[in-house]
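Below you'll find the structure, written out as structure tokens, and then a few comments.
The values are calculated or read from the model by the stated rules, or taken from the named source; none is laboratory data. This one's a predicted model, so the numbers in the text were calculated from it and none came from an experiment. Backbone-built Cβ (ideal geometry, glycine too); neighbour counts: all protein chains shown.
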Amino acid sequence: MTRQPLLEIENLRVGFKVYGGELHVLDGVDFVVNKGEKVGLVGETGCGKTTTMKAILRILPQPPGFIESGVIRFHGRDLMQVKDREMRHIRGQGISMIFQDPTAALNPVFTIGQQLEPVIKYASPENRRLPRKVIRQKAIQALRDVSLADPERLLKAYPVQLSGGMRQRVCIGMALATNPELLIADEPGTSLDVTIQDQVLRLLHQLVEERDSSVILITHTLGIVRQMTDRLYVMYAGNMVETAPTRRIFTNPLHPYTQGLMDAVPKLTGGGVAHGIPGRIPDYLHPPTGCRFHPRCPHAMDICRQKKPSFYTVEEAHQVACFLYDTSSGADSAPARKEALA
Amino acid sequence: MKLLPFIGKRAFHAIFVLLGLSIVIFVIARVMPGDPARVAVGAHAPDWVVQDIREQMHLDEPLVVQYFYWLRDALHGDFGVSLVTRRDVAQDIIEFFPASLELALFALLISAGLGITLGTLSAWHKDKFVDNLVRVLSYMGVVTPSFVFAILFLLLFGYLLHWFPTLGRLSEDVARPPTVTGFMTVDSLLAGDMVAFWDALKHLVLPALALAMGSMAQEARITRASMSENLNKDYIAASRAFGIPERYVMGRFLLKPSLIPTISIIGLDFAANFSNAFLVELIFVWPGLSRYGMNAILRKDLNAISAVILVLGVVFIIVNIIVDITVAKLDPRIGLRSARSE
């Protein structure tokens, strides 16, 4: 398989201006999605997953948000230099997004049709010239694609008249109506109960397989990641700390944070309560120096307090941002590394 | 939607509100010092005449019985004779009411049009120069009473610049169009008298503007607040993420949900302008209901006071019903809720 990058993010830094200072949330994010690849993104609440995604689509509320530095390339073009007009065409057909909470992502005072039809109409210059009837047909098809019954009637319904599961299906239908090359799914189903969540995710899985879209799937549920993604990114406090093929990260997590994360998953066999990681995500107003994980890290060394680790390639396609795996720095970290790997 | 049952329900509620109001009015009128019979016939009438009148007016009966006599007359549109104009109060109301209504409606047009426009501009350019200017001006508008604006406009545009007339509804040398609706502008248009129409319109400008300033400022503030709040909602981010043009997102997906609180305020402002216009009507010698009501209060003209209060009560009820219908039409969540409670 040739690995052609579709989306590349380099050293993305995003802050938020708040009363009392600036929150430095994204601290140099590096992130790559290849064509046709399904990438998972996991991390604690508040670690910057959604912020990264909103920065990609340039829908971050600014102010209070602002991009300090970094490059976001889609098909090799720097999205931050692209004009608003062009960006509009990249949104929708190029990149589209399913939001976390379908209730908040649907406008409460417009019908499903009033919201879905413009999505189709403005997807491309050709679509803009389509007659209303054709657009309506496409809207009905988009709802049918997400297995919603009676789409004609649904077009006339308001979001408040639908169940949570139906709303999420509508959101998925809207995001896929433009046939995006890259679909960002931000915790789809988190707000739904487990059975409905499972149905919705299965549906999503099937739809993206059919269309061969690239996907970024953000989730807290590691089981879903294992089923749906080829590669996984682990994020902590505004940094990508580890990436590897999904299977490998589950069997051989390298970063102390990833190890803790995997440890925190309750298992059916083996018994016992999950351990979790002591401490909590840092204060973004005064983030820790060096590696942001060091206050919580059981293997923290002096260098971790002073320098920020970059990605070290441990094995093919397995990268980790941790000094434990720095082979160039010499003897002092080697024992610790051995211990960590043991 | 189910509009007729909704109106029916509200009208049914209105009956009880008006009955309550009528009891209050009646009690106030009877509690006020002074013998209504003596007031009616004058200080120099002999005692036997007063006694006759007393029997005629059922003043010898118990208060409850008196109330029903009063209510019966009021329901027949008979509010008695005004002590000031020496005419039927109902006749006075028919004459003065349209003048106030025309003024309040014109003020509504000005305040809603300008208020929403300014609020929208302010939200779009949040924290920029336009926004700061609008905010300062709207603070001034909210804290300045309408009579200050009235005097200011009168002096500036009336006496100094001579742009607009300052007295009454029509110039003395302009022939009054035949009364159909009681609205000078509409009546002159119906009569095809463009000279009278322009003259009536010019007479409206200053008092309506003075009356509109406060509500305009209020409406601008509310529109700005709800718009800048909704601007950060997920459904706006989602519409942008789907590639819908910014103008469409702003002018439709943002404007409609943001106008709902403004419309409630517009209704309240309109009803308030109707009843609080007395100083403006006094300054511009506008023959309206507020001025009539104030004169009635100053001269203890009980019949007129009762009728004016009752008319204002009806205005408030009707305005509230209109506001509720409009809001329910705009916001399906509200519309459904009221339908469900039936």
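Quick notes on this structure:
- The one condition in (1) in contact with a Lys or Arg (Cβ under 9 Å, 6 or more places away or on another chain); (2) more than 14 Å from chain A (Cβ to nearest Cβ); (3) touching a residue at least 40 places away in the same chain (Cβ under 8 Å); (4) part of a helix (DSSP H, G or I) that B:Ala104 fails to fulfil: (1)
- Residue in the stretch B:115-131 that is over 30 Å from B:Phe316 (Cβ atoms), assigned by TED's automatic domain parsing to the domain that holds B:Leu206, among the acidic types (Asp, Glu) and surrounded by fewer than 17 Cβ atoms within 10 Å (Cβ to Cβ) present: yes
- If you go through the stretch B:80-101 and keep only what is without any contact (Cβ under 8 Å) to a residue 12 or more places away in the chain and either in a helix (DSSP H, G or I) or among the basic types (Lys, Arg) (or both), you end up with B:Arg86, B:Arg87, B:Gln91.
- One residue stands out in the stretch A:59-83 among those that are among the β-branched types (Val, Ile, Thr) and within 20 Å of the chain's Cα centre (by Cα): the one that is nearest to the other protein chains (Cβ to nearest Cβ), namely A:Ile59.
- Qualifying residues in the stretch B:132-146 (those that are surrounded by fewer than 17 Cβ atoms within 10 Å (Cβ to Cβ) and either touching a Leu at 6+ places or on another chain (Cβ under 9 Å) or part of a loop (DSSP other than H, G, I, E, B) (or both)) - the one nearest to the other protein chains (Cβ to nearest Cβ): B:Leu137
- Residue within the stretch A:187-200 that is closer than 30 Å to B:Ile244 by Cβ and at pLDDT 85 or above present: no
- Checklist (1) modelled with pLDDT of 80 or more; (2) farther than 24 Å from A:Thr246 by Cβ; (3) not polar (S, T, N, Q) applied to A:Arg280, failing item: (1)
- Qualifying residue in the stretch B:247-261 (condition: touching a Ser or Thr at 6+ places or on another chain (Cβ under 7 Å) and over 30 Å from A:Leu57 (Cβ atoms)): no
- The residue that is surrounded by the fewest Cβ atoms within 10 Å (Cβ to Cβ), among those in the stretch B:274-288 that are of a type in the set (A, V, I, L, M, F, W, C) and assigned to a helix (DSSP H, G or I), is B:Leu282.
- B:Leu254 being within 12 Å of another protein chain (Cβ to nearest Cβ), touching a helix residue (DSSP H, G or I) at 6+ places or on another chain (Cβ under 7 Å), surrounded by fewer than 22 Cβ atoms within 10 Å (Cβ to Cβ) and not basic (Lys, Arg): no
- Filter pass, B:Ser306 being in a helix (DSSP H, G or I), more than 28 Å from B:Ala217 (Cα to Cα), within 14 Å of another protein chain (Cβ to nearest Cβ) and of a type outside the set (D, E, K, R): no
- Annotation note: of B:Pro261, B:Pro245, the sole residue that is within 29 Å of A:Ala104 (Cβ to Cβ) and facing chain A (nearest Cβ under 10 Å) is B:Pro245.
- Residues satisfying the stated conditions in the stretch B:214-242, i.e. more than 9 Å from every other protein chain (Cβ to nearest Cβ) and not hydrophobic (A, V, I, L, M, F, W, C): B:Gly214, B:Ser215, B:Gln218, B:Glu219, B:Arg221, B:Thr223, B:Arg224, B:Ser226, B:Ser228, B:Glu229, B:Asn230
- Taking the criterion of being more than 10 Å from every other protein chain (Cβ to nearest Cβ), modelled with pLDDT of 85 or more and either over 17 Å from A:Met166 (Cα atoms) or in a strand (DSSP E or B) (or both), the only residue of the stretch A:84-117 that qualifies is A:Glu117.
- Which listed residue, of B:Gly8, B:Gly77, is in a helix (DSSP H, G or I), within 31 Å of the chain's Cα centre (by Cα) and exposed (fewer than 14 other Cβ atoms within 10 Å of the Cβ): B:Gly8
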